[in-house]
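Student: My structure is below; once you've seen it, I'll send some questions.
Values quoted throughout were computed directly from the atomic coordinates according to the rules given, and no laboratory measurement underlies them. None of the values given here were measured: they were computed from a predicted structure. No Cβ is skipped: glycine too gets one built from the backbone with ideal geometry, and neighbour counts run over all protein chains shown.
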Amino acid sequence: MSLLYNIALLPGDGIGPDVIAEAVKVLHTVERKLKGVAFELSEYPVGAGEYLRSGTPLPDASIEACRKADAILLGAMGIPTVRWPDGKEMTPQIDLREIFQLYSGVRPIYLYNSIDSPLKDFDMGEIDFVIVRESTEGLFSARLSQSDPSKGEVCDTLRITRKGTERVCRAAFEIARKRRKKCTLIDKANVLPSMVFMRKIFNEIAKDFPDVEADYVYVDAASLFLVQRPNDFDVMVTENMFGDILSDLAAGLVGGMGMAPSADIGDKQAIFQPSHGSAPDIAGKGIANPIATILSTALMLDWLGCEQCKRGANAIRDAVSRVFSNPLNRTSDLGGSVSTEQMGNLISEAIQLNP
């Protein structure tokens with residue numbers, strides 16, 4: 001009898017449906033290839049488009065379906081022209097992180113082919129690190145606050161709590177323990193009291209992981225070092241906004257946002273999605289890069305945790321590696337002409353051919 005996993009699909013806005021379709025194709029290929037595991041996929045409405053249809057970007061029924069699902073696979077959310085009355089863009093993906101306390105934003109960065117990096121002298125696998133972004137507090141904690149610009153100033157609050165820092169640092173050390181055993185805190189402890197507090201808690205958690213090297217880098221220096229010597233890093237853990245910014249910089253080292261998967265993980269639920277946005281200007285044109293979403297699907301299989309799921313995750317990453325070994329297999333963002341659907345087909349075929 002097969003293990004059955006219920007997966008909630010949230011295609012969302014813009015290119016979300018385009019890239020989710022290819023991730024689903026790859027997931028079904030894994031399902032057929034690896035006996036003993038099955039996936040029941042159910043799609044639910046979310047996003048700015050849903051707001052235009054129903055008046056809410058995140059219906060209660062969709063939240064409840066996500067709560068009951070074994071995992072959640074998300075495409076992209078948001079349309080820049082669709083905003084709340086106060087001018088802020090709708091971000092139901094952030095709402096979900098906070099509703100389910102998905103505190104660990106895991107962003108793996110891996111170079112599959114040297115031709116896709118703007119950096120010189122880095123071969124496949126030589127850029128290989130993970131950013132763990134605290135995803136429920138930090139500078140984002142004030143995002144729903146109301147302000148009165150007529151008073152001449154608007155203040156945001158950078159919120160760091162003991163609970164939030166303990167759990168994300170512990171998650172980062174656990175990841176580092178399974179990799180090259182190095183965990184780096186990215187902070188601004190030379191200026192901000194909140195970062196001094198975060199570093200203090202990081203040091204406390206580090207004592208529980210004596211086998212993992214712990215160090216620190218200021219966020220401005222980290223931006224420099226990521227460009228000069230990215231192979232110095234293994235696992236980086238940081239505040240919400242710092243992680244948001246550094247994730248985009250890091251994606252640029254390996255080909256761009258189309259190559260950057262992510263997972264937002266809590267104690268009970270987890271959402272898997274590409275790091276990129278909805279790119280509504282290219283939606284439906286068949287040119288979006290689905291690799292980030294496909295690699296996010298591999299992260300989902302890792303998290304589900306059964307032996308067959310882990311084999312499926314490795315099969316996906318191996319397929320991406322083999323497809324990208326051919327310089328012609330590139331979507332337009334990487335200078336090629338392969339369509340979204342064709343890229344999904346290439347990955348699926350590579351999985352099928354894997355013995």
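Student: Roughly how compact is the range 240-348, stated as its Cα Rg over 2.2 N^0.38 Å to two decimals?
Tutor: In units of the globular-protein estimate, the range 240-348 measures up at 1.09.
Student: Please turn the phi angles of the range 290-305 into ³J(HN,Hα) values with the Karplus equation 6.51 cos²θ - 1.76 cosθ + 1.60 (θ = phi - 60°), one per residue in order, whole Hz, x for glycine and proline.
Tutor: Couplings: x, 4, 4, 6, 5, 5, 5, 5, 5, 4, 4, 5, 4, 5, 4, x Hz.
Student: Report the one residue of 82, 4, 45 whose Cα lies farthest in the direction of the positive end of the charge dipole of the chain (charges on C-beta: Lys and Arg +1, Asp and Glu -1; origin at the Cα centre).
Tutor: Of the options given, the answer is 4.
Student: Considering only DSSP states other than H, G, I, E and B, which trypsin sites (Lys or Arg not before Pro) in the range 106-164 qualify as loop sites with at most 14 other Cβ atoms within 10 Å?
Tutor: Loop-located and lightly packed - 120, 143.
Student: Taking 0.36 nm per residue of separation and subtracting the Cα-Cα distance, what length does fully extending residue 42 through residue 337 add?
Tutor: Going from the current span to full extension adds 103.1 nm.
Student: Among 150, 194, 278, which one moves the most in a GNM of the chain with springs linking Cα atoms closer than 10 Å?
Tutor: Sorting by GNM fluctuation, first place goes to 150.
Student: Moving on to the next point. How much length is gained if the chain between residue 155 and residue 63 is pulled fully straight, taking 0.36 nm per residue apart and subtracting their Cα-Cα distance, in nm to one decimal?
Tutor: Gain on extension, residue 155 to residue 63, equals 30.1 nm.
Student: Using a 10 angstrom cutoff on alpha carbons, build the Gaussian network for the chain and name the most mobile of 147, 337, 104.
Tutor: 147
Student: Once you order the gyration tensor axes a ≥ b ≥ c over the Cα atoms, which shape class does the range 75-171 get: rounded for a/c under 1.5, otherwise prolate or oblate by comparing a/b with b/c?
Tutor: Prolate is the answer for the range 75-171, as a/c is 1.5 or above and a/b outweighs b/c.
Student: Need one word for the chain: rounded, prolate or oblate. Basis is the Cα gyration tensor (sqrt eigenvalues a ≥ b ≥ c); a/c below 1.5 gives rounded, then a/b vs b/c decides.
Tutor: Rounded.
Student: First measure r as the distance between the Cβ atoms of residue 199 and residue 310, then evaluate 1/(1 + (r/R0)^6) with R0 = 30 Å and state the FRET efficiency to the nearest 0.05.
Tutor: 0.30
Student: Expressed in nm to one decimal, what extension gain is obtained for the pair residue 126 and residue 52 from 0.36 nm per residue of sequence separation less their Cα-Cα distance?
Tutor: Fully extending the segment from residue 126 to residue 52 adds 22.2 nm.
Student: Something else now. Just to be sure I understand the model, the point goes 7 Å from the Cα along the line to the Cβ. What's the resulting residue 81 to residue 115 distance in nm?
Tutor: 3.7 nm
Student: Residue-wise, which Karplus ³J(HN,Hα) couplings in Hz belong to the range 182-195, taking 6.51 cos²θ - 1.76 cosθ + 1.60, θ = phi - 60°, and x for glycine or proline?
Tutor: In residue order, the calculated couplings are 9, 10, 10, 7, 9, 9, 9, 6, 7, 10, 9, x, 4, 6 Hz.
Student: Explain nothing, just the number: relative contact order of the chain, from Cα pairs under 8 Å at least 6 residues apart, as a whole percent.
Tutor: Relative contact order comes out at 22 percent.
Student: What percent do you get for the relative contact order of the range 57-125 when only Cα pairs under 8 Å and 6+ apart count?
Tutor: 19 percent
Student: Sticking with this structure for a sec: I need the calculated FRET efficiency for the pair residue 146 and residue 191, taking r as the beta carbon distance and R₀ as 30 Å, to the nearest 0.05.
Tutor: 0.60
Student: At what distance in angstrom do the alpha carbon centres of the range 115-182 and the range 303-328 lie from each other?
Tutor: 26 Å
Student: Sticking with this one: Report the relative contact order of the range 219-355, percent, no decimals, based on alpha-carbon pairs under 8 angstrom and at least 6 residues apart.
Tutor: Relative contact order of the range 219-355: 18 percent.
Student: A follow-up question, please. Given the options 107, 199, 83, which has the most mean-square fluctuation in a GNM of the chain, springs set between C-alpha atoms less than 10 angstrom apart?
Tutor: So, out of 107, 199, 83, the one fluctuating most is 83.
Student: Looking at the chain only, what percent of DSSP beta bridges run antiparallel? Nearest 5 please.
Tutor: Rounded to the nearest five, the antiparallel share is 40 percent.
Student: Once amide H atoms are placed 1.01 Å from N in the peptide plane, what residues at a sequence separation of 5 or more from residue 77, or on another chain, have their amide H within under 5 Å of its amide H?
Tutor: 13, 278
Student: Decide, for the range 131-232, between rounded, prolate and oblate: order the square roots of the alpha carbon gyration tensor eigenvalues as a ≥ b ≥ c, take rounded if a/c falls under 1.5, and otherwise choose prolate if a/b is larger than b/c, else oblate.
Tutor: The shape class here is prolate.
Student: Ok, one more. Treating cross-link reach as a plain straight distance, find the lysines whose alpha-carbon is under 19 Å from the alpha-carbon of residue 181, omitting any fewer than eight places away in the same chain.
Tutor: 207
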